[in-house]
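The values are calculated or read from the model by the stated rules, or taken from the named source; none is laboratory data. Since the structure is predicted, the reported quantities are computational estimates derived from the model, not experimental observations. Heads up, the Cβs are rebuilt from the backbone with ideal geometry, glycines too, and the neighbour counts pull from every protein chain shown. Just so you know, the surface numbers come from the protein's heavy atoms only, side chains and all, with ligands and any DNA or RNA stripped out. Shrake-Rupley method; radii C 1.70, N 1.55, O 1.52, S 1.80 Å.
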Amino acid sequence: MVAGDLDRLVAEGEEQLEALEPGDALFTWLRSYITHVASSPEPVIAAGGRRTPLTTEWHEAMHATVSALLTRAQRAGTVRADLTAPDLLTMANGIAVTGEGPEQRRRLLRMLRRGTSPG
């Protein structure tokens, strides 16, 4: 994980806030996040749950980015009101580290989206 990756994902989240319908923006960004985590040679959190200053910055920036996208989607009524940023990132991380390739990760993300729809 490098600082440029962090900046790119944050910038993409900011762009999505303006560019797409709220639900599409959230899940487009989550797809980028999952792709990045799945292809990253370094874990986001070190063994034993210890964080370096860079991983702490990463964690905080990803939570802030997904929180903004999630809040917008919730206000638009496109995702469940009881969904939280930590919920989404936990599920996205699970998809990223356990998915058996890009197609399965895309399929799992589609399932996540259906499961987070209101009603």
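Could you list, in sequence order, the residues of segment 1-39 that are within 18 Å of residue 73 (Cβ to Cβ), polar (S, T, N, Q) and in contact (Cβ under 8 Å) with a residue 24 or more places away in the chain?
If the condition is that a residue be within 18 Å of residue 73 (Cβ to Cβ), polar (S, T, N, Q) and in contact (Cβ under 8 Å) with a residue 24 or more places away in the chain, then 16 is the only one that fits.
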Counted residues, segment 69-109 - those being of a type in the set (A, V, I, L, M, F, W, C) and part of a loop (DSSP other than H, G, I, E, B): 3
Count - residues of segment 53-97 that are open to solvent by 40 Å² or more (accessible area, probe 1.4 Å), hydrophobic (A, V, I, L, M, F, W, C) and within 10 Å of the chain's Cα centre (by Cα): 1
Residue tally, condition over 20 Å from residue 74 (Cβ atoms) and exposed (fewer than 12 other Cβ atoms within 10 Å of the Cβ), over segment 98-119: 4
